[in-house]
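The values are calculated or read from the model by the stated rules, or taken from the named source; none is laboratory data. What you see is a predicted model; the values in this text were computed from it and never measured. With ideal geometry, Cβ positions are generated from the backbone for all residues, glycine too; neighbour counts draw on all protein chains shown.
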Amino acid sequence: METVKLVINNQQNDKRKTAQLVLNSPHNLNAINKELYDELKNNLETIKHRKDIGVLLLSSEVSKAFSTGVDVKYIQSLTNEEASTFFSEISFLLDQITHLPIPTIAFVHGYAYGAGADLALSCDLRIAASSAVFRFPGPQFGLILGTQRLIHEIGPGTARYLTLLNKKIDAKTAKVYGLVHEMYQDLTEAQDSATNLIQNLKGVPYQTIQTLKELTNEQLPISHDLTRKSILHGDFQKRFRQYISKSFS
């Protein structure tokens, strides 16, 4: 079964098509492992080389979650060196989404934790249903992943508050902080809003979109080496096991 579905609308007279990447790994609530990462990466490569795609929508088919972060069992099967490589690959993937030349939208419902929250945050615009819950636990076990993007989007003070204290926030609070741009109580209403956003974006000239993305991301110097160093500093697997043990006890 595909853990990531690529759906491209093919409506007639629609010169700028919409690509939708749908996370669909219900057995682990879209936790990111090698399989899901590879499918995301491969589908993004397809989108990058399709000149007729004008908008990307990132969503989930799993009712309870957008993504719960990294797959705990998979991460625990890696050595520290292997873990540093995998998290660095995720960092590059997030950066790739951020710098796609087309507008990107994340439609979030349910859990959006850790790397899953970072995945949503890598998109230009974020719409949330009221069921959305965000959390950034990585720094609790020494991981720096999407933290730079988080600081860029919501400011350093709020980013420190969320990450150092491992705060879990609902969709309403996420909107106040700037994690999401629109929030709706009803899931269908949120989906309709995403559809309307897509249509509005298709009316913006392509060159203008690229310029706006460059301007708004120019102060975002992503250092993938920070992610790698955060894993290789000390005993990552020990820290990770201790965090998981405490979280699930």
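Results for (1) part of a helix (DSSP H, G or I); (2) more than 23 Å from Ser59 (Cα to Cα); (3) of a type in the set (Gly, Ala, Ser); (4) modelled with pLDDT under 90, shown as yes or no for each residue.
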| site | (1), (2), (3), (4) |
| --- | --- |
| Asn200 | yes, no, no, no |
| Thr208 | yes, yes, no, no |
| Leu212 | yes, yes, no, no |
| Leu215 | yes, yes, no, no |
| Ile222 | no, yes, no, yes |
| Tyr243 | yes, yes, no, no |
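Condition first: exposed (fewer than 15 other Cβ atoms within 10 Å of the Cβ), assigned to a helix (DSSP H, G or I) and touching a Lys or Arg at 6+ places or on another chain (Cβ under 7 Å). Now tell me which residues in segment 136-176 satisfy that.
Listed by number, the list holds a single entry, Tyr161.
Any idea which of Thr46, Thr18 is buried (at least 18 other Cβ atoms within 10 Å of the Cβ), within 26 Å of Gln199 (Cβ to Cβ) and over 16 Å from the mean Cα position of the chain (by Cα)?
Thr18
Yes or no: segment 177-191 includes at least one residue that is assigned to a loop (DSSP other than H, G, I, E, B), surrounded by 23 or more Cβ atoms within 10 Å (Cβ to Cβ) and modelled with pLDDT of 95 or more.
Yes, that holds for at least one residue.
Which of the following residues is in contact with a Pro (Cβ under 6 Å, 6 or more places away or on another chain) and of a type outside the set (Gly, Ala, Ser): Asp124, Asp71, Asp95?
Details: Asp71 fails: in contact with a Pro (Cβ under 6 Å, 6 or more places away or on another chain); Asp95 fails: in contact with a Pro (Cβ under 6 Å, 6 or more places away or on another chain).
From the options Asp124, Asp71, Asp95, the qualifying one is Asp124.
Are any residues in segment 14-46 in a strand (DSSP E or B), without any contact (Cβ under 8 Å) to a residue 60 or more places away in the chain and either at positive phi or of a type in the set (Val, Ile, Thr) (or both), and if so, which ones?
Matches in segment 14-46: Val22 only.
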